[in-house]
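Everything on this sheet refers to the single structure shown next.
The values are calculated or read from the model by the stated rules, or taken from the named source; none is laboratory data. Note that the structure is predicted; figures quoted are calculated from it, not measured. Note that we place each Cβ from the backbone using ideal geometry, even for glycine, and neighbour counts take in every protein chain shown.
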Amino acid sequence: MNPVRHTVTMLASPPHEITIRRELRSGDADAIVELHRRVYCAEYERNHRFVAAVAGSIAEAVARGWPQDGGAVWLVERGEELVGSLALTAEGPALGQVRWFVLDRVLRGQGTGRSLLVELLAAARQAGMDKLELQTFSALQAAAHLYRGAGFRVVWARERYDWGAPMTYQGYELSLR
């Protein structure tokens, strides 16, 4: 006698397509802050002071006219959810800063970060920037690998204790000339 087999097909909800938007809309600044809170507080023990610093830096950039002031933004969305961000801010004559680079776990390891960074470098060159700076912390090893692979070098490091678990905070630079 043959056993009876039942096949059950589970229908998963359709995967959400990843899209990259390059303009800042109302509510996006808050969504970038929330993404930082969601990722860095949970994964790297950052605290409310860290989140407040992110919020303050974004608000300051927007008040100066970012991203229309020669800067740029990349917002990675999956459906209606923000799952990644990257920004370029103009900080002075020929100087830019890489900011608010964060990817949700769903995007990591797929080349998304590298692609975004390549686009940012092209945008900085097109905007006439000669030098880029960025600040990060050493626990972000995959990000450090991306930065160093693009030619950035660490120019300073210091310990920080005010944003949650102790960390080594680092400054990177890249000459675009």
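Pairs needed: first member in segment 56-73, under 11 Å from G96 (Cβ atoms); second member anywhere, part of a helix (DSSP H, G or I) and at pLDDT 95 or above; C-beta distance under 8 Å; at least 6 residues apart or different chains. Qualifying pairs under 8 Å: G71/A61; A72/L120; A72/A123.
If a residue counts only when it is over 25 Å from E173 (Cβ atoms), which strands (runs of 3 or more DSSP E) contained entirely in segment 16-116 have at least 1 such residues? So that I can check it myself, show each step before the final result.
Values: elements: 18-21, 72-78, 81-92, 95-103.
Once the strands (runs of 3 or more DSSP E) in segment 16-116 are filtered for at least 1 residues that are over 25 Å from E173 (Cβ atoms), what remains is 18-21, 72-78, 81-92.
Scanning segment 112-124 turns up one or more residues that are of a type outside the set (A, V, I, L, M) and buried (at least 17 other Cβ atoms within 10 Å of the Cβ). Is there a residue being aromatic (F, W, Y), farther than 18 Å from V33 by Cα and surrounded by 12 or more Cβ atoms within 10 Å (Cβ to Cβ) anywhere in segment 125-141? No - not one qualifying residue is present in segment 125-141. Scanning segment 65-91 for residues that are within 20 Å of K131 (Cα to Cα) and charged (D, E, K, R) yields D69, E91.
A Cβ distance below 6 Å, combined with a sequence gap of six or more or placement on separate chains, defines the contacts here; from segment 144-160, residues that are surrounded by 12 or more Cβ atoms within 10 Å (Cβ to Cβ) reach residues that are aromatic (F, W, Y) and in a strand (DSSP E or B) in the pairs Y147/Y172; F152/Y172; V154/Y172; R160/Y169.
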